[in-house]
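Below: one structure, written as structure tokens.
Computed from the coordinates by the stated procedures, all read-outs in this text should not be read as laboratory data. All of these numbers come straight from a predicted model, not from anything done at the bench. Note: ideal-geometry Cβ built from the backbone for every residue, glycine included; neighbour counts use all protein chains shown.
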Amino acid sequence: MDDAANRLAEVKTVIAEAAKRAQRKPADICLIAVSKTHDADAIRPLIAAGQRHFGENRVQEAAAKWPALRAATADVTLHLIGQLQSNKAEEAIGLFDAIHSVDRSSLVQALAKACEKTGRRPQFFVQVNIGDEEQKGGCAVRDLPALLAEAAAAGLKIEGLMAIPPADVEPAPYFALLDELAERHGLPLRSMGMSSDYETAVMLGATHVRVGTALFGTRG
Ligand SMILES: *Cc1c(COP(=O)(O)O)cnc(C)c1O
């Protein structure tokens, strides 16, 4: 096995073991390989090893890389995990199968309009600023009920919540809070956990983990 296949197998083993410990089914956790900054040559070995869900944080970069990769492998699922400008909503809807970064009213409206126009219906997550950090993207915890109500009124189906906990502190309480917020609002999906903490996230209810470095190595 090459490096990519080895790393993929390792990450999958960690997910499966954490899931079992939490009495969950490994198949209920979607591993998103975060391929931002990595080129097609780095991505292809993971596709060859069977990986199908990939995450990008910029629309432009995804638009440059993925059409060709997808032409070769039709069943790839592409997730947008980075901030989205409202004026790129339609392009994002055309490119991505899931958008994890719905975080404000203007974007809800732009996405609803783009869905109506294109007929496409990706999976949507609201990103929550779970640590209430000043510089961080995401909807404030206190604004979440209003944003979810607005999405429902606009016909935008939100299926889950996404969060990035504050750096350099124990992430578990933040994962538990995101899980609780999702539960409270009847949302089945939780996108949480990155290379350094996806095992903890799985034990606390993650349905989607977003893993870059552990699969691709450090970004240049
Ligand atoms: C880059 C990124 C990741 C992956 O981070 P790693 O630490 O490399 O696993 C996950 N989620 C988001 C939102 C990211 O921007």
Q | Eligible aspartates and glutamates near Lys117 by straight Cα distance, threshold 13 Å, same-chain separation 8 or greater | A | Glu90, Glu91
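In debye, nearest 20, what is the charge dipole magnitude of segment 54-105 about its Cα centre with +1 on Lys and Arg Cβ and -1 on Asp and Glu Cβ, if you could check?
Working: 5 positive and 7 negative charges, 21 e Å.
Using Cβ point charges on Lys, Arg, Asp and Glu, segment 54-105 gives about 100 debye.
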(Q) Treating only the Cα positions of the chain as identical point scatterers, give the base-10 log of I(q)/I(0) from the Debye formula at each q in 0.16 Å⁻¹. (A) -1.11
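Taking a threshold of 32 Å on the Cα-Cα distance, which of the pairs Lys12/Lys113; Lys36/Lys157; Lys25/Lys113 fall above it? Kindly include the intermediate steps, with their values, before the conclusion.
Details: Lys12/Lys113 37 Å; Lys36/Lys157 26 Å; Lys25/Lys113 36 Å.
Listed pairs above 32 Å: Lys12/Lys113; Lys25/Lys113.
Treating only the Cβ atoms of Lys and Arg (+1) and Asp and Glu (-1) as charged, compute the dipole magnitude of the chain about its Cα centre; round to the nearest 20 debye. Each step should come with its number before you reach the end.
Details: 25 positive and 28 negative charges, 121 e Å.
I would put it at about 580 debye.
Roughly speaking, what is the stretch gain from Lys117 to Arg142, that is 0.36 nm per residue apart minus the C-alpha to C-alpha distance, in nm to one decimal? List each step's numbers first, then the result.
On the way: separation 25, 0.36 × 25 = 9.00 nm, distance 3.12 nm.
In short, 5.9 nm is gained.
Once you have the Kirkwood Rh of segment 26-136 from its Cα pairs, apply Stokes-Einstein at 25 °C and 0.890 mPa s and quote D in µm²/s. Write down the numbers at each step before the final one.
Values: Rh = 14.8 Å.
For the chosen part, D equals 166 µm²/s.
With the contact rule set at Cα under 8 Å and sequence spacing of 6 or more, what percent relative contact order holds for segment 30-154?
Relative contact order comes out at 18 percent.
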Q. Whole-Hz Karplus ³J(HN,Hα) for segment 130-145, in order, using 6.51 cos²θ - 1.76 cosθ + 1.60 and θ = phi - 60°, x for Gly and Pro?
A. 5, x, 6, 8, 4, 8, 8, x, x, 7, 4, 3, 5, 8, 4, x
(Q) Among 101-108, 183-190, 25-32, how do they line up by average Cβ neighbours within 10 Å per residue, starting with the highest? (A) 101-108, 25-32, 183-190
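For segment 2-216, calculate the relative contact order in percent as a whole number, restricting contacts to Cα pairs under 8 Å that are 6 or more residues apart. Each step should come with its number before you reach the end.
Working: 393 pairs, mean separation 45.4, N = 215.
Reported relative contact order: 21 percent.
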Q: Could you work out the equivalent-ellipsoid semi-axes for segment 137-220, taking the square root of 5 times each eigenvalue of the Cα gyration tensor, largest first, in whole Å?
A: 25, 14, 12
